[in-house]
Amino acid sequence: MNTYHNDRLTCWNCPSAILRGNVDFRACGQSMRRFTSMEGGDVVIECERRPELGHFEPTINFSECPQWKPTKYGRLLDNMRVLILGIDGYLGWTLALKLGALGFEVSGVDNFLRRRMVREKGSMSVVPIASMEERIKAAKKYLDIDINFRKIDVLNRDKLADFLKEVKPEVIVHYAEVPSAPYSMVDADHAIFVQKNNVLGTLGLLFLMRDIVPEATLIKLGTMGEYGAPLTGRPLFEGFFPADAVLLWNGREWSLGGEMTPRDPVSFYHVSKVQDTFNVYEACKYWWLRSYDVMQGVIYGVHTDELATDDKLRTRFDVDEWFGTVVNRFVAQAILGIPLTLYGEGEQIRGFIALEDAMECMVRLISSPPEPGQYTVVNQVSGLYKLKTIAKTVAEVGAEFGFDVKIQRIENPRVESEVHPLEVVAENLPERGFRPRVSLEREIRRMFDLLSRKHIVRRLEKVKDTIIPRTWWSGDKRDPKVLGVYSPDEVREEEGGFRGILHMPLDSVFVYRWEDEEK
Amino acid sequence: MIFTDKNFQEEVLKSPIPVLVEFWASWCPPCKMVEPIIDRLEKEYMGRMKIGKMNVDINPVTAKRYNVKGLPTFIIFINGKIVYRGVAAKTENELRRVIEEILASQDEEVRV
């Protein structure tokens, strides 16, 4: 008998359960008595998918429910309705194909803002992507996936409300935010735009969810940058302090258990994500919404099986200073012969995760819907690396592909610690069966393989000038000075320097080892 | 152990040994954080004290009867009577101290 990580979840977690009867909405002294239509003291539900069950107690386990079918990611709800906000983006498109291939009913929304912002920088996706119409046709042709797309700006609540009513999503994955720190630091207009788009877009969405789909799960993307990198080395827990964390003051002590940990964002973009965190947390408290707030590490890479099926299915790939993430930019620099740009000391430590692993994380979270009112923060990283180590690794893999890669230190346009400890706790994803599968080297190899193809190198050449950072946190707009150029051998981690420490228990109990079966 | 409105009488009020009930809800982060500690203590004190959780949203009757107004609420019952009541997250040490005190006072009663 196989066991799955979500076997023991019940109707209480399931978006198909319609609450009826005596669920006392926030029973603890703040009752709103929202679902009290039934007589007697029992909580009862109806199942949207199995109306023949009538009214019953929400106690059926996923392992007992025929609607939750076994897959390699745990049990998944049959034909689950998912809405991806920002479906045209790097992650949104990748997830759409992944979920479509798993049998989800996929809907998506985008206003193509990302395409416009990258054009504003004078850049483009170096991996060519087609129009949404053509992408949807390709998804149908090569993977037999139907995608229900609507061009909507998330700030347009009327249009979004109509689409929510049409789709009735059981999961909403919210990628429709501007994902760039430097973009938010260009000037007042850009900062205000980013915060408006991100914060108000999400706030409006929360009200719509309350009114239209309160039982859906919101998977909200945040970033590890919300926490910053405290110089004390205090571990970065998953959003809340554990119960054994205590505040000591004046000879007395209090448990900090369940209190939000401090946030120390590092740009106005990161501030928008912190504001989202509070807005989503409050909405879960007030209205019994359910959410995973994903503190995503820096994403890199190009591969999932679905994306690799055909060139027409590829996701976008940006390398410019605004929208390129660090590993992706390093590989582009390596191919173009630009020495890889470390900012300042290059000793910054960050959490990272490959695209393919990040997509698996999303599926794992979708397979494990939170309970009513549950707001859970998830640290989504598969490894912690120093930036100079990443540069060295890119240089070494680049050498395998015949590139002679140098590394340079340049002035740091950002305001951030360049030498600091980092300790991260990431338990929620392993508890849901997630295991990192893609090593840094493996994904970098895949990136070189794709990006060094002729048609992509030609595109890289065209956007070459957008790679070096010119957006300073101070407001300056200028090229940073070069502080030194090194061969990969000269770049070393100092003895006794800080190392990232990752707490990621990989021996959780409820893991069905699909990969063993595949062998 | 999971306590419910249905099994409360049998498992808690009629229990021959002391019972610690943690009243909790899914929207309460401090409750989530205390969960692993409760699980650990449940195993450790098995046979001496029954330790478990009760979801106040799914079991509103009991929560109301005991006037649970803040979460998590910890109540220890002996022979159906409340001998301890504490509200808000507690460290493992704090919970342990409470449990040991209750068990020690019980031992004294037995000796008397």
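Of everything in the stretch A:254-265 that is touching an Asp or Glu at 6+ places or on another chain (Cβ under 9 Å) and more than 8 Å from chain B (Cβ to nearest Cβ), the residue that is least open to solvent (accessible area, probe 1.4 Å) is A:Thr261. Taken together, B:Lys14, B:Lys53, B:Lys6 contain a single residue that is surrounded by fewer than 21 Cβ atoms within 10 Å (Cβ to Cβ), away from every other protein chain (no Cβ under 14 Å) and of a type in the set (Lys, Arg), which is B:Lys14. The single residue among A:Val331, A:Val394 that is more than 20 Å from A:Lys481 (Cβ to Cβ), touching a strand residue (DSSP E or B) at 6+ places or on another chain (Cβ under 7 Å) and either at pLDDT 95 or above or away from every other protein chain (no Cβ under 14 Å) (or both) turns out to be A:Val394. The single condition among (1) within 14 Å of chain B (Cβ to nearest Cβ); (2) in a strand (DSSP E or B) that A:Phe278 does not meet is (2).
Under the condition of being open to solvent by 10 Å² or more (accessible area, probe 1.4 Å), in a helix (DSSP H, G or I) and either farther than 15 Å from B:Arg40 by Cβ or in contact (Cβ under 8 Å) with a residue 12 or more places away in the chain (or both), the residues counted in the stretch B:61-96 number 5. Looking across the stretch A:49-101, just one residue is in contact with a Cys (Cβ under 9 Å, 6 or more places away or on another chain), within 14 Å of A:Leu9 (Cα to Cα) and part of a helix (DSSP H, G or I), and that is A:Phe62. Of the residues examined, A:Val280 is not one that is within 18 Å of the chain's Cα centre (by Cα), over 30 Å from A:Lys140 (Cα atoms) and surrounded by fewer than 21 Cβ atoms within 10 Å (Cβ to Cβ). What do you reckon, is B:Ile99 in a helix (DSSP H, G or I), away from chain A (no Cβ under 14 Å) and under 12 Å from the mean Cα position of the chain (by Cα)? So B:Ile99 fits the description; yes. A single member of A:Gly402, A:Gly351, A:Gly337 is free of Cβ contacts under 8 Å to residues at least 12 places away in the same chain and under 24 Å from A:His303 (Cα atoms), and it is A:Gly402. Checking A:Pro242, A:Pro230 one by one, the residue that is in a loop (DSSP other than H, G, I, E, B) and closer than 23 Å to A:Thr325 by Cβ is A:Pro230 and no other. Filtering the stretch A:473-484 to residues that are open to solvent by 20 Å² or more (accessible area, probe 1.4 Å) and either of a type in the set (A, V, I, L, M, F, W, C) or assigned to a loop (DSSP other than H, G, I, E, B) (or both) leaves A:Trp473, A:Ser474, A:Gly475, A:Asp476, A:Arg478, A:Asp479, A:Lys481, A:Val482, A:Leu483.
The values are calculated or read from the model by the stated rules, or taken from the named source; none is laboratory data. Keep in mind that what you see is a predicted model, and the values were worked out from it rather than measured. Neighbour counts are summed over all protein chains in view; Cβ atoms, including those assigned to glycine, are modelled from backbone coordinates with ideal geometry. Side chains are part of the model used for accessible areas, which takes the heavy atoms of the whole protein and leaves out ligands, DNA and RNA. Shrake-Rupley method; radii C 1.70, N 1.55, O 1.52, S 1.80 Å.
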